[in-house]
Amino acid sequence: MAACTAMDGRAMKVAMPVTLLRRVLPPGSGVLFSEGTRWRLVLAAAGAVLVAMLDMLGVAALLPLMQILTDRPRSEGALGVVVAVVGENRSDQWVAVFVSLVMVGAFVLKGVLTICFRWWQLGFLAKEQVRTSSRLMRGYLAAPYEKFTQRTTAELLRTMGDAVGQTYGQVVLGSLSAATEALTILAMVGLLLLTSPGPAALAVAYFAVSAFWLSRVVKRHAAEAGEQVLQESTVAFRAVLHSMGGAKEIMVRRNAETFVGHYAEAQTRLASAKRRFAFTGEFPKYALEIIFVVGVALMTIATFSVEGPQDGLTTLAVFVAAGTRVIPCLSRLMAGLVAVRFGLPGLRLVVDDVHHYVLPHEGERRSSPLDPRDGTWAADIELHDVGFAYEGADQVLSGINVRVPRGTTLAIVGASGAGKTTLVDLLLGLLAPTSGRITVGGRDIREDLEGWQRQIGLVPQLVYIIEDTLRNNVIFGMPADDDRVWDCLRQAHLEEFVRSLPDGLDTELGDRGSRISGGQAQRLGIARALYLRPSVIVLDEATSALDNETERSVSEAMASLHGEVTLVVVAHRLSTVRHADKIVMLVDGEVDGVGTFDELKAASSRFARLVELGRLE
């Protein structure tokens with residue numbers, strides 16, 4: 001029975017850090033930890049117990065030493081236990097040396113284990129931090145497009161950066177640290193209660209009340225600082241994105257100080273919040289030193305009054321020795337709890353985003369870009385009475401009925417706000433129709449959205465150029481094939497320019513393509529789309545940044561694909577749509593007319609008016 005009780009006690013001690021972690025985490029936080037992670041947390045808990053026991057053993061070794069120094073009988077107390085173990089024939093000097101070696105060994109082993117344990121713990125948490133931030137990024141990119149656009153770039157950066165950092169650097173690490181220190185404190189308290197129950201009980205009550213008071217003082221400030229850090233880091237991220245994204249205009253307008261001021265204000269508030277957190281974490285350390293000195297004075301009075309000089313000296317020595325160990329532990333315990341309170345706002349953000357963005361798509365099979373393509377998608381595209389409205393907003397599109405035969409070119413035209421971009425997003429599968437459906441070869445694209453999207457090459461109006469080589473901007477995350485890259489550059493009429501560059505495909509394009517022109521960036525986007533060898537290419541006003549000569553050469557390249565690839569073109573230039581097989585004229589989200597250039601000119605007065613003006617909006 002005693003053995004079972006002892007085993008139960010050890011199990012409870014091992015479980016304590018994990019239990020504490022569960023208590024401080026909000027509901028649903030378990031999604032952050034895999035099964036392997038949970039076992040590592042249990043291992044961390046076991047390490048905490050071992051460190052606490054070694055700490056207690058080192059302090060407990062002082063008891064027999066003090067008994068020898070004060071000439072206490074060998075048969076009493078801790079000295080009696082040691083003598084029984086080593087043998088009664090051993091001299092006091094031998095026993096003192098033995099106990100000293102045990103004490104030194106316990107502290108040395110504890111120090112070495114703490115160093116190794118801390119190194120492993122930090123590495124484990126760093127890996128978990130990388131895993132969680134990667135899960136979030138994967139979840140954001142796998143989320144429905146409409147859901148993704150509800151969040152700003154600054155918010156996403158804050159969650160993947162600061163919030164994940166708070167989750168593991170403050171909440172998880174703080175919980176493990178607090179639990180380790182709590183176990184050490186409990187071990188020391190147990191030792192004091194065994195040594196001198198009366199004074200120890202008073203000391204425990206004294207320090208417990210002091211710690212409770214300190215926790216009440218610091219926890220509110222820590223939580224507020226954590227909230228403020230997240231808020232101001234978002235504002236600071238946003239200020240940087242705005243100023244760097246608009247650097248060209250800012251330099252011309254000479255109003256950089258406005259943007260620098262916004263950034264400086266956010267950073268000032270952020271620094272203030274971090275200062276508040278740092279001070280809140282350190283405040284208990286200095287307060288506890290004062291509390292300890294006062295406690296020693298009170299303990300001296302209590303022990304000498306109750307036990308007398310001889311016994312009181314032994315008890316006081318153990319109390320001071322234990323106190324010198326407990327106070328740093330209590331200080332680290334308070335710092336750990338402050339860190340937990342500081343990091344909880346970030347953890348809540350991470351948990352919310354894991355539930356909303358990660359879990360709905362985790363476990364879904366993601367095909368490789370090298371997987372064979374489903375040939376059934378190379379067929380006619382049909383829109384059947386398609387309508388769309390954003391949540392809580394008016395209808396954007398309604399009653400769209402269009403058929404696009406395979407290998408033909410469809411042009412979509414209309415005034416700004418007519419619904420062209422929304423229609424393209426529906427074709428791309430980024431948005432789901434609120435009414436009607438889109439089929440390819442009679443198959444609804446929503447049935448296998450991933451398969452459909454793998455057939456599409458997209459050339460947006462603003463091609464995003466990554467800060468990398470020209471080659472990597474063409475392949476854009478796909479496996480590299482230089483022959484294929486050159487072929488795509490040739491089709492996009494960019495080969496001659498690239499061959500003239502000293503570094504060719506290895507040319508660094510700079511931040512957002514700062515080393516190439518807008519027209520070159522647009523043609524690079526076309527080459528990127530062609531690299532996929534798609535069955536459908538969508539150009540969302542992709543020729544708007546091209547000069548007339550370049551546009552003509554690109555149009556010729558697109559014309560060469562006629563019959564092989566289905567082209568969907570959103571355009572505002574007559575030259576781009578004149579030779580399209582079919583043109584759709586959108587007006588206020590509805591089809592005003594469908595036909596060839598000449599047919600639509602005759603059937604739609606609005607289109608005819610645009611032709612008369614010589615432009616398309």
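Laid out as a table, the results:
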{"item": "Considering residues of region 382-406 that are more than 26 Å from Val565 (Cα to Cα), surrounded by fewer than 17 Cβ atoms within 10 Å (Cβ to Cβ) and touching a residue at least 40 places away in the same chain (Cβ under 8 Å) only, the residue farthest from the chain's Cα centre (by Cα)", "result": "Gly399"}
{"item": "Tabulated pairs, region 223-252, first loosely packed, with under 15 Cβ neighbours inside 10 Å, second of a type in the set (Phe, Trp, Tyr) and in a helix (DSSP H, G or I), C-beta under 9 angstrom, 6+ apart or interchain", "result": "Gly246/Phe259"}
{"item": "Residue tally, condition farther than 13 Å from Thr408 by Cα and in a loop (DSSP other than H, G, I, E, B), over region 567-591", "result": "6"}
{"item": "In region 108-152, residue nearest to Ala45 (Cα to Cα) [restricted to those that are without any contact (Cβ under 8 Å) to a residue 60 or more places away in the chain and polar (S, T, N, Q)]", "result": "Gln129"}
{"item": "Options Arg490, Arg446, Arg512: the member that is under 30 Å from Arg406 (Cβ atoms), surrounded by 14 or more Cβ atoms within 10 Å (Cβ to Cβ) and of a type in the set (Lys, Arg)", "result": "Arg490"}
{"item": "All positions within region 147-204 that are surrounded by fewer than 19 Cβ atoms within 10 Å (Cβ to Cβ), more than 24 Å from Ala339 (Cα to Cα) and not hydrophobic (A, V, I, L, M, F, W, C)", "result": "Lys147, Thr149, Gln150, Arg151, Thr152, Thr153, Gly190, Pro197, Gly198"}
{"item": "Residue match in region 185-193 (condition: assigned to a helix (DSSP H, G or I) and modelled with pLDDT of 80 or more)", "result": "yes"}
{"item": "Selection from region 511-530 of residues that are under 31 Å from the mean Cα position of the chain (by Cα), in a helix (DSSP H, G or I) and not aliphatic (A, V, I, L, M)", "result": "Asp511, Arg512, Gly513, Gly525, Arg528"}
{"item": "Boolean, Pro479 is without any contact (Cβ under 8 Å) to a residue 12 or more places away in the chain and either surrounded by fewer than 14 Cβ atoms within 10 Å (Cβ to Cβ) or touching a Ser or Thr at 6+ places or on another chain (Cβ under 7 Å) (or both)", "result": "no"}
{"item": "Every pair of residues 6+ apart whose Cβ atoms lie under 6 Å, when the first sits in region 436-449 and is outside any strand (DSSP E or B) and at pLDDT below 90 while the second is surrounded by fewer than 15 Cβ atoms within 10 Å (Cβ to Cβ) and of a type in the set (Val, Ile, Thr)", "result": "Gly441/Thr376"}
{"item": "Qualifying residue in region 594-611 (condition: among the basic types (Lys, Arg), in a loop (DSSP other than H, G, I, E, B) and either outside the structural domain of Asp482 (by TED's automatic domain parsing) or at pLDDT 75 or above (or both))", "result": "no"}
{"item": "Residue within region 389-402 that is modelled with pLDDT of 80 or more, out of contact with any Lys or Arg (no Cβ under 9 Å at 6 or more places or on another chain) and of a type in the set (Asp, Glu) present", "result": "yes"}
{"item": "Boolean, Val591 is modelled with pLDDT of 70 or more and under 21 Å from Ala521 (Cα atoms)", "result": "no"}
{"item": "Test: Phe283 is exposed (fewer than 14 other Cβ atoms within 10 Å of the Cβ) and either within 28 Å of Glu224 (Cβ to Cβ) or outside the structural domain of Arg341 (by TED's automatic domain parsing) (or both)", "result": "no"}
{"item": "Single residue of region 124-146 satisfying the filter (exposed (fewer than 15 other Cβ atoms within 10 Å of the Cβ) and small (Gly, Ala, Ser)) that is nearest to Arg446 (Cα to Cα)", "result": "Ser134"}
{"item": "Qualifying positions in region 474-486 - assigned to a helix (DSSP H, G or I) and under 20 Å from Ile516 (Cα atoms)", "result": "Val474, Ile475, Val485, Trp486"}
{"item": "Contacts under 7 angstrom Cβ, first residue in region 263-288 being under 17 Å from Ala236 (Cα atoms) and free of Cβ contacts under 8 Å to residues at least 40 places away in the same chain, partner part of a helix (DSSP H, G or I) and hydrophobic (A, V, I, L, M, F, W, C), 6 or more apart", "result": "Tyr263/Ala236; Tyr263/Ala239; Tyr263/Val240; Ala266/Val235; Ala266/Ala236; Ala266/Ala239; Gln267/Ala236"}
{"item": "Residues (under 22 Å from Pro405 (Cα atoms) and at pLDDT below 75) located in region 555-573", "result": "Ser555, Glu556, Ala557, Met558, Ala559, Ser560, Leu561"}
{"item": "Gln121 being surrounded by fewer than 17 Cβ atoms within 10 Å (Cβ to Cβ) and more than 10 Å from the chain's Cα centre (by Cα)", "result": "no"}
{"item": "Which listed residue, of Leu462, Leu458, is farther than 18 Å from Val565 by Cβ and either not assigned by TED's automatic domain parsing to the domain that holds Asp385 or not charged (D, E, K, R) (or both)", "result": "Leu462"}
{"item": "Region 395-411, residues that are farther than 10 Å from Val591 by Cα, assigned to a strand (DSSP E or B) and not basic (Lys, Arg)", "result": "Gln395, Val396, Val404, Thr409, Leu410, Ala411"}
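The values are calculated or read from the model by the stated rules, or taken from the named source; none is laboratory data. Everything quoted here is computed from the prediction, not taken from an experiment. All Cβ positions, glycine included, derive from the backbone under ideal geometry; neighbour counts span all protein chains shown.
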